[in-house]
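J.: Let me give you the structure first, and then I'll get to my questions.
The values are calculated or read from the model by the stated rules, or taken from the named source; none is laboratory data. The structure presented is a predicted model; accordingly, all values stated were derived computationally and were not measured. Here Cβ is always computed from backbone atoms with ideal geometry, including for glycine, and neighbour counts include all displayed protein chains. Ligands, DNA and RNA are excluded from the accessible area calculation, which covers all protein heavy atoms including side chains. Shrake-Rupley method; radii C 1.70, N 1.55, O 1.52, S 1.80 Å.
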Amino acid sequence: WDNRSDEDYDEIYSEREMLRAERALDDDIDNKVQYWVNCIQSRVPGAVILPVASFDDLFDDMENGGPGEAQRRVDRMKERLNHHERRHVDGLSERLQTLKSSHRANSQEATK
């Protein structure tokens, strides 16, 4: 650190803070939004779910990230939800293949 300037320190600190904030956003999406998606899908398999983001006016001023921050968060939510959906579909596909290979695709177990 002796050879680094205050600007270098600020840049590294800012990067760490940004990573921490991004992880916190991911956790919020995974633990709050995905929770409700899972609840709905468990009750109504195959339901179409349209998440709605609100309060984008909170990001109008630069202190809260500026106008692009709301869109960035919506884009991140879309990425996370799509990622979870792909993992869910992949898991179901693997399970179906396992049941097919053991000739249990039409069993009671397969319907769960």
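J.: Among the numbered criteria (1) open to solvent by less than 50 Å² (accessible area, probe 1.4 Å); (2) closer than 21 Å to MET18 by Cα, which single criterion is violated by GLN71?
T.: With (1) open to solvent by less than 50 Å² (accessible area, probe 1.4 Å); (2) closer than 21 Å to MET18 by Cα applied to GLN71, the lone miss is (1).
J.: Tell me which residues, restricted to the stretch 27-54, are part of a loop (DSSP other than H, G, I, E, B) and without any contact (Cβ under 8 Å) to a residue 12 or more places away in the chain.
T.: Result: VAL44, PRO45, GLY46, ALA47, VAL48, LEU50, VAL52, SER54.
J.: Another question about this same structure. Any idea how many residues of the stretch 25-48 are within 15 Å of the chain's Cα centre (by Cα) and among the basic types (Lys, Arg)?
T.: Total satisfying the criteria: 1.
J.: Does GLU79 satisfy being within 22 Å of LYS32 (Cβ to Cβ), open to solvent by 70 Å² or more (accessible area, probe 1.4 Å) and modelled with pLDDT of 90 or more?
T.: yes
J.: All but one of (1) of a type in the set (A, V, I, L, M, F, W, C); (2) farther than 30 Å from SER54 by Cβ; (3) in contact with a Phe, Trp or Tyr (Cβ under 8 Å, 6 or more places away or on another chain) hold for LEU92, so report the exception by its number.
T.: (3)
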